[in-house]
Amino acid sequence: MNIQWYPGHMTKARRMMQENIRLIDLVIELVDARAPMSSRNPDIDALAQGKARLILLNKADLASERWNDAWAEAFRAQGFFVVKLDSRAKGGMKEVQSVIAEACREKTERDRRRGIINRPVRAMVVGIPNVGKSTFINSFAGRACAKTGNRPGVTKGAQWIRLNRQVELLDTPGILWPKFDDQQVGVRLSMLGSVNDEILNLEELCAELGAFLAEHFPKAVEERYGVRPGAGREKEELLTEIAKVRGCLQKGGEPDTARAAGLFLDDFRSGRLGRITLEFPKAKDEERQDGEL
């Protein structure tokens, strides 16, 4: 699959982030725990040079816990602060607050030496579309401050949000980058819902997802649909089998594979297929065990 999606508003959003970065103490980057590297915008590292960095492995409840730990370890080895998070649950926000304080300790001590007391940390929240930034901000703030939605592109502009006496957040729109050099990155982001479904061939995307699950998480498909994917059949037959099992039929009883594709993707994105990770830290690839959920 050849996937590219870079709406015009993303260029404006990137420019706005560049203009505001001088005001920022900390960059909080949300990534999708199911594909932590693919869901990192490579432009952010250049944009955030010299700033404290916190990576939130969001939607960690939808990803394999073993691989959540492996990715957290990999990012910490690169010098990032890391928190595994389900942004819909308020329980993890105390840890986020604590790690923000730790990440900005040098800045706070420097302010104190200059006689500046109780100036809040200013943090920019960044991430690709549909990664959960607005949901995180609302959970962190304990109130609805940012628009949320289950589709990419809900947040269109930047806004400052005063969370408490310690932290101010700059919410930013989700942005991708102009070109996916590795098409598998585009495929993974499409599976996650970070690319507009309207530009995609969903049946072809589901074939890619089915092939991946057949190799790495075969029990997920079998336990959900009673269909066991196997080599050589998943791409041609999986959606047909799912359509039959779930009653996705056209007039005359023909399987409606387009409808089955939507159901399959929704089941994956919502976690109904189980906790699935789409990519693994390179140093850990050799440890991967097929079929582990």
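Every number in this text was worked out from the coordinates using simple rules, so none of it is lab data. For clarity, every value in this text was computed on a predicted model and none was experimentally measured. Methodologically, a virtual Cβ is constructed for each residue, glycine included, from the backbone with ideal geometry; neighbour enumeration extends over all protein chains shown.
Descriptive notes on the structure:
- Efficiency of FRET between ALA211 and LYS244 - r from beta-carbon atoms, R0 30 angstrom, step 0.05: 0.95
- The phi torsions of segment 29-40, fed into the Karplus equation with coefficients 6.51, -1.76 and 1.60 and a -60° offset, translate into couplings of 10, 8, 10, 7, 4, 6, 8, x, 7, 4, 8, 9 Hz, rounded to whole numbers, with Gly and Pro shown as x.
- Remark: for residue pairs LYS84/LYS107; LYS84/LYS179; LYS12/LYS94; LYS179/LYS244; LYS12/LYS90; LYS51/LYS133, the C-alpha separation exceeds 26 Å in LYS84/LYS179; LYS12/LYS94; LYS179/LYS244; LYS12/LYS90.
- Along segment 12-18 the Karplus relation, 6.51 cos²θ - 1.76 cosθ + 1.60 evaluated at θ = phi - 60°, assigns HN-Hα couplings of 5, 5, 5, 5, 5, 5, 4 Hz to successive residues, with x for each Gly and Pro.
- ALA35 long-range amide H proximity, modeled H, under 5 Å: LEU278
- Residues whose amide H falls under 5 Å from that of LEU249, counting only those 5 or more places apart or on a different chain, are ASP256, with hydrogens built in the peptide plane.
- Protection proxy ranking of 112-118, 67-73, 35-41 - average other beta-carbon atoms within 10 Å, highest first: 35-41, 67-73, 112-118
- Per-pair calculated FRET efficiency, R0 = 45 Å: ARG110 and GLU65 via Cβ, rounded to 0.05: 0.75
- On the beta carbon distance between SER98 and MET16, with R0 = 45 Å, the FRET formula returns roughly 0.95.
- Mean Cβ count within 10 Å, highest first, over the residues of peptides 126-136, 203-213, 88-98, 45-55: 126-136, 203-213, 45-55, 88-98
- Local electrostatic count at ARG122 - Lys and Arg +1, Asp and Glu -1, tallied over other residues with Cβ under 11 Å: +3
- Cβ crowding within 10 Å averaged over residues, with 256-267, 184-195 ranked highest first: 184-195, 256-267
- Amide proton proximity set for LYS84, modelled H, under 5 Å, gap of 5+: LEU57
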